[in-house]
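First up is the structure itself, then whatever we jot down about it.
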Amino acid sequence: MKSNRYPSLLRHANLITLTDDSDYGIIRDGALLIDQRHRIAWLGPDKNLPAGTTAEMEIDCRRHWITPGLIDCHTHLVYAGNRGDEFAQRLEGISYAEIAARGGGINSTVKATRAASFAELLDSAVNRVRTLAAEGVTRIEIKSGYGLNLDTERRMLQVARAIAERVGIKTHSTFLGAHALPPEFSNNADGYIEHICTAMLPSLAAEGLIDAVDGFCESIGFSTAQIEQVFRTAQRLNLPVKLHAEQLSNQHGASLVARYGGLSADHLEYLDAAGVQAMAQAGTVATLLPGAFYYLRETRLPPIASLREHQVPMAIATDHNPGTSPLLSLLTAMNMGCVLFQMTPLEALLGVTRHAAKALGAEHECGTLEVGKQAELACWDIDQPVDLVYALGHNPYSPIIPAQS
Ligand code: NIG
Ligand code: FE
């Protein structure tokens, strides 16, 4: 530790470091020092704070708890329009697939998003991000996929980049061109995939708008063969891949994304043993999305016990989108991970920190409290770690930590 004056020092906090998977890694009455580059310079018991350490801002956390900032590693939060009517239809027993076949679903959001301006998309997305940030979220993944043409996909990705500046939060942009078949290519899915691979993906990658590439591998989405073409293009462009896999049926998408060394396979209710093994071998994260499970009133559970047994890291995300998961609370997603998926409270917290960071390929930057990592932190007025997932509708976030300038 260099002995100069630091920008901020947090004292008398209970630190939840999460430096390994087996426990919370608690340091009671701890201190944490932040350097000029907004990295963690030192952390440990307050009484061990090196003598003479000074900081421009010193905050007494009064035994509040500090975790790594929460990471929502799967969202579709840039969009226009409203699909409350579809929610009502589903309550009457009409399925998500039927609604999509009738021209609703993803394509109804595509229509509204194409018609919206950059400013309209940015304003509504910023509101959503602020709602997530009010619960301690400091990093968010945002997918395109409601444009399905070059102009609108570009606009969505530019909005995702602009959010970071407006809200002062880290964002990761994912290209999800292979989300649904746009009207211009109806009955021509292969033609659309070719358009993605030869036009959309290379152009948007060249513009520096893409951090990762995703797809919807499903009977109502794209086949594994079609998704593999997108992955090959991503690989040529040096972009990491991830996949909406095994949400409504087993298409073996998880094995495919694992074969491409993918960051994550997401949803996974219909994942089989071979898929679990492929993910374990490749180090692909299982991103679980209990919000979509809940809203679709799915009854089949993702194979949590098997993922646990094979030590596949499990992340949890909101999957915020206007169709299957209009959920804007990562704490609620964590609670659902526990109550609906029988994850432990520790697994739920790891799922929105350490493992979510890995799902974004950012595990060297964030996700735990360790020297050298970004000081992306969340402070909580709780008595014990389990309180983060215990009470639905109670927000214990306590905004006393200075944001990154
Ligand atoms: O993650 N499954 C595909 N994509 C979204 C749903 C998008 C929508 O219905 O608008 C999901 O659940
Ligand atoms: Fe999704």
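The values are calculated or read from the model by the stated rules, or taken from the named source; none is laboratory data. In this text, all values refer to a predicted model and were calculated from it rather than measured experimentally. Cβ coordinates were reconstructed from backbone atoms using ideal geometry, including for glycine residues, and neighbour counts include every protein chain displayed. Just so you know, the surface numbers come from the protein's heavy atoms only, side chains and all, with ligands and any DNA or RNA stripped out. Shrake-Rupley method; radii C 1.70, N 1.55, O 1.52, S 1.80 Å.
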**Number of the condition not met by A125 [criteria: (1) of a type in the set (A, V, I, L, M); (2) more than 16 Å from ligand 1 (Cβ to nearest atom); (3) farther than 27 Å from L248 by Cα]** = (2)
**Item:** Complete set of residues in region 174-188 that are more than 16 Å from ligand 1 (Cβ to nearest atom) and on the phi < 0 side of the Ramachandran plot
**Value:** E184, F185, S186, N188
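Rundown of residues vs (1) more than 26 Å from the chain's Cα centre (by Cα); (2) open to solvent by 50 Å² or more (accessible area, probe 1.4 Å), yes/no style:
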| residue | (1), (2) |
| --- | --- |
| W42 | yes, no |
| K47 | yes, yes |
| E58 | yes, yes |
| T67 | no, no |
| A100 | no, no |
| R114 | no, yes |
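Residues checked against (1) touching a Cys at 6+ places or on another chain (Cβ under 9 Å); (2) away from ligand 1 (no atom under 16 Å from the Cβ):
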position	(1), (2)
P302	no, no
P313	no, yes
M343	no, yes
Q374	yes, yes
S398	yes, yes
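Looking at L301, is it part of a loop (DSSP other than H, G, I, E, B) and within 16 Å of ligand 2 (Cβ to nearest atom)?
Details: part of a loop (DSSP other than H, G, I, E, B): yes; within 16 Å of ligand 2 (Cβ to nearest atom): no.
No, not satisfied.
Each row is one residue, and each column tells you yes or no for (1) modelled with pLDDT of 95 or more; (2) over 28 Å from A356 (Cβ atoms); (3) within 16 Å of ligand 2 (Cβ to nearest atom).
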site: S95; (1), (2), (3): no, yes, no
site: V110; (1), (2), (3): yes, no, yes
site: A116; (1), (2), (3): yes, yes, no
site: L122; (1), (2), (3): yes, no, no
**Asked** Of the residues that make up region 82-96, is at least one of a type in the set (D, E, K, R), under 30 Å from I169 (Cα atoms) and either in a strand (DSSP E or B) or touching a Leu at 6+ places or on another chain (Cβ under 8 Å) (or both)?
**Response** no
**Request:** Pull up region 189-240, narrow it to residues that are among the acidic types (D, E) and open to solvent by less than 10 Å² (accessible area, probe 1.4 Å), then point me to the one that is farthest from ligand 1 (Cβ to nearest atom).
**Result:** D214
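Within region 11-26, work out how many residues are touching a strand residue (DSSP E or B) at 6+ places or on another chain (Cβ under 7 Å), under 20 Å from Q384 (Cβ atoms) and open to solvent by 40 Å² or more (accessible area, probe 1.4 Å). Give the steps one after another, and end with the answer.
Taking region 11-26 first, the residues touching a strand residue (DSSP E or B) at 6+ places or on another chain (Cβ under 7 Å) are 11-18, 24-26.
Cutting the leftovers down to under 20 Å from Q384 (Cβ atoms) gives us 12-18, 24-26.
Okay, now just the ones that are also open to solvent by 40 Å² or more (accessible area, probe 1.4 Å), so 12, 24, 26.
Matching residues across region 11-26 total 3.
Regarding region 55-72, can at least one residue be identified that is within 16 Å of ligand 1 (Cβ to nearest atom) and among the aliphatic types (A, V, I, L, M)? Write out each step before concluding.
Applying the first criterion (within 16 Å of ligand 1 (Cβ to nearest atom)) to region 55-72 yields 72.
From what's left, among the aliphatic types (A, V, I, L, M): none.
No.
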**Asked** Quick one: is V110 farther than 21 Å from P290 by Cα and either within 24 Å of the chain's Cα centre (by Cα) or open to solvent by 30 Å² or more (accessible area, probe 1.4 Å) (or both)?
**Response** yes
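From the list A315, A265, A333, A286, which residue is closer than 24 Å to I142 by Cβ, in a helix (DSSP H, G or I) and open to solvent by less than 10 Å² (accessible area, probe 1.4 Å)?
Values: A315 fails: in a helix (DSSP H, G or I); A265 fails: in a helix (DSSP H, G or I); A286 fails: in a helix (DSSP H, G or I).
Every option except A333 fails the conditions.
Scanning for something assigned to a strand (DSSP E or B) and modelled with pLDDT of 95 or more, does region 362-376 turn up at least one residue?
Scanning region 362-376, I find at least one residue that is assigned to a strand (DSSP E or B) and modelled with pLDDT of 95 or more, so the answer is yes.
Quickly run through region 148-173 and pick out the residues that are at positive phi and either free of Cβ contacts under 8 Å to residues at least 24 places away in the same chain or open to solvent by less than 10 Å² (accessible area, probe 1.4 Å) (or both).
Narrowing region 148-173 to residues at positive phi: 148, 168.
If the condition is that a residue be at positive phi and either free of Cβ contacts under 8 Å to residues at least 24 places away in the same chain or open to solvent by less than 10 Å² (accessible area, probe 1.4 Å) (or both), then L148 is the only one that fits.
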**Item:** Count - residues of region 36-55 that are without any contact (Cβ under 8 Å) to a residue 60 or more places away in the chain, assigned to a loop (DSSP other than H, G, I, E, B) and either polar (S, T, N, Q) or more than 25 Å from Q384 (Cβ to Cβ) (or both)
**Value:** 7
